[in-house]
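Notes for the one structure printed next.
Derivation of every value follows stated rules applied to the coordinates shown; laboratory data play no part. Quick caveat, the model's predicted, so the values are computed rather than measured. Here the Cβ positions follow ideal geometry from the backbone for every residue, glycine too, while neighbour counts run over all protein chains shown.
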Amino acid sequence: MVEVDVLIVGGGIAGASLGAEIAPHRSAVIAEAEEQCGFHSTGRSAAFWLESYGGPVVAQLSTASRAFLDSPPPDFSEHGFLRTRGDLHISRGDLPELPEGIESRVVERAELERMVPGIRPEWRRALFEPGCADIDVAGLHSAYLRQFRRGGGSVRTDSRLRSATRRGSGWTAEFEDGSTIHASIIVNAAGAWADRVASAAGVEPLEIAPKRRTMVQLRVGQSGLRDLSLVDDSKGTFYFKGEGDRTIWLSPHDEIESDPCDAAPEEVDVALAIDRFEKVVDWPIEAVERKWAGLRSFAPDRVPVYGFDPTAPGFFWCAGQGGFGIQSAPAAAKLAASLLLESAPDPMVAHIQPPPYSPARFR
Ligand SMILES: Cc1cc2nc3c(=O)[nH]c(=O)nc-3n(C[C@H](O)[C@H](O)[C@H](O)COP(=O)(O)OP(=O)(O)OC[C@H]3O[C@@H](n4cnc5c(N)ncnc54)[C@H](O)[C@@H]3O)c2cc1C
């Protein structure tokens, strides 16, 4: 039987980033059910960093992650992972309120027309968040996996955890292929499957709810869109951003309850996205080039969960990253690592209090 200090269940951005932080200090294995890490939510995101997204408790982690994403240490990556494009929260009436301290300015109609040519007249103004940036998600995820392996960690794909049993001072984990691993600590980084993994270990679930979100890539009769800002409705009913010269990524901002699964887009949600888009700009739609869907998984209070379960020794939660798991990953991984290793927090997160993220808030 393989013996390790830490078994991380799930090789998405959550498991990979926490793994990279702890590998130099503890022996660790990432077990990923799929043939490839990043197959589920991590590989399906809209790939942006938006500081105001998710409310103030999440924003603390996103804000703390910015400098690392912009210019990571050279041994982690030779280049940064962000490309700034800004975000326009457009409105027909009132402007949204952003969490305190987030840079923004009001854009009136004349400037809005220059920033989004063809925008329909009812969109009167916008709040512009200049810091919004694209994230190179694949680059970030693979840099974390590389760092994890460099620290001595190993990754096992095609390894779906079936059950875990508390034995002595650790856990015996059994996989669907019949193999077993003995670990002192199990990290639950299973994304949409987080509650199922908890149940498989005899731990009471936290009601982490997966919700499906749809994305569509459209080709439109308008050029010059590559650097278009992210454009969203201050009421949260759509967003789109430039992709290529004449293509955009669009979402109807849907949040449809789902079982954990290989999520796929439904025609009705693609149609809804297009209907909402046509109410924003007058650009003719030429083709739906791609469509996909993924699951965003939320704890009941929509704040992610990092920490040991007070009811289950050695069971560590790293789940509920909703729609912000990429943009908050660097700080979240450092916060979670200090809790798991019971060590002083990295300066990146020294100002962040852990209790709002603790699973103890639900017990
Ligand atoms: C459409 C969409 C748009 C998004 N846009 C953004 C964005 O712009 N910015 C942002 O920051 N975030 C965004 N997100 C959210 C972000 O993608 C997620 O928060 C993040 O990817 C979650 O990472 P994860 O590692 O927890 O989950 P996942 O990437 O799903 O990884 C969990 C892994 O656990 C594995 N697993 C499950 N059960 C088992 C088991 N029993 N044994 C072994 N392995 C198991 C799964 O196979 C999976 O690979 C978006 C999400 C979606 C769906």
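Observations on the model:
- In summary, SER297 fulfils each of the numbered conditions (1) surrounded by fewer than 20 Cβ atoms within 10 Å (Cβ to Cβ); (2) of a type in the set (Ser, Thr, Tyr); (3) in contact with a helix residue (DSSP H, G or I) (Cβ under 8 Å, 6 or more places away or on another chain) with the single exception of condition (1).
- Selection count where residues are over 13 Å from PHE277 (Cα atoms) and either among the hydrophobic types (A, V, I, L, M, F, W, C) or under 18 Å from the mean Cα position of the chain (by Cα) (or both), scope segment 240-258: 5
- Verdict on SER251 being surrounded by 20 or more Cβ atoms within 10 Å (Cβ to Cβ), touching a strand residue (DSSP E or B) at 6+ places or on another chain (Cβ under 7 Å) and over 30 Å from ALA164 (Cα atoms): yes
- Residue match in segment 298-317 (condition: farther than 30 Å from GLY10 by Cβ, in contact with a Phe, Trp or Tyr (Cβ under 7 Å, 6 or more places away or on another chain) and not aliphatic (A, V, I, L, M)): no
- Filtering segment 303-321 to residues that are within 12 Å of the ligand (Cβ to nearest atom) and either basic (Lys, Arg) or not in a strand (DSSP E or B) (or both) leaves PRO304, GLY320, GLN321.
- Qualifying residue in segment 101-120 (condition: in contact with a helix residue (DSSP H, G or I) (Cβ under 9 Å, 6 or more places away or on another chain), more than 22 Å from LYS235 (Cβ to Cβ) and either surrounded by 19 or more Cβ atoms within 10 Å (Cβ to Cβ) or not small (Gly, Ala, Ser) (or both)): no
- Qualifying residue in segment 5-24 (condition: within 6 Å of the ligand (Cβ to nearest atom) and in a strand (DSSP E or B)): yes
- For first residues located in segment 57-76 and on the phi < 0 side of the Ramachandran plot, partners that are of a type in the set (Gly, Ala, Ser) and part of a helix (DSSP H, G or I) and lie 6+ apart or on another chain with Cβ distances below 6 Å form the pairs LEU61/ALA331; LEU61/ALA332; ALA64/ALA331; SER65/ALA331; PHE76/ALA143.
- Entry remark, segment 322-340: residues being within 16 Å of GLN60 (Cα to Cα) and either touching a helix residue (DSSP H, G or I) at 6+ places or on another chain (Cβ under 6 Å) or not in a loop (DSSP other than H, G, I, E, B) (or both) number 13 in total.
- Residues in segment 137-148 that are within 18 Å of the chain's Cα centre (by Cα) and surrounded by fewer than 19 Cβ atoms within 10 Å (Cβ to Cβ) were compared, and the one that is nearest to ASP233 (Cα to Cα) is ALA138.
- Checklist (1) surrounded by fewer than 24 Cβ atoms within 10 Å (Cβ to Cβ); (2) over 21 Å from PHE148 (Cα atoms); (3) among the charged types (D, E, K, R); (4) within 16 Å of the ligand (Cβ to nearest atom) applied to ASP94, failing item: (4)
- Residues within segment 38-72 that are more than 10 Å from the ligand (Cβ to nearest atom) and in a loop (DSSP other than H, G, I, E, B), tallied: 5
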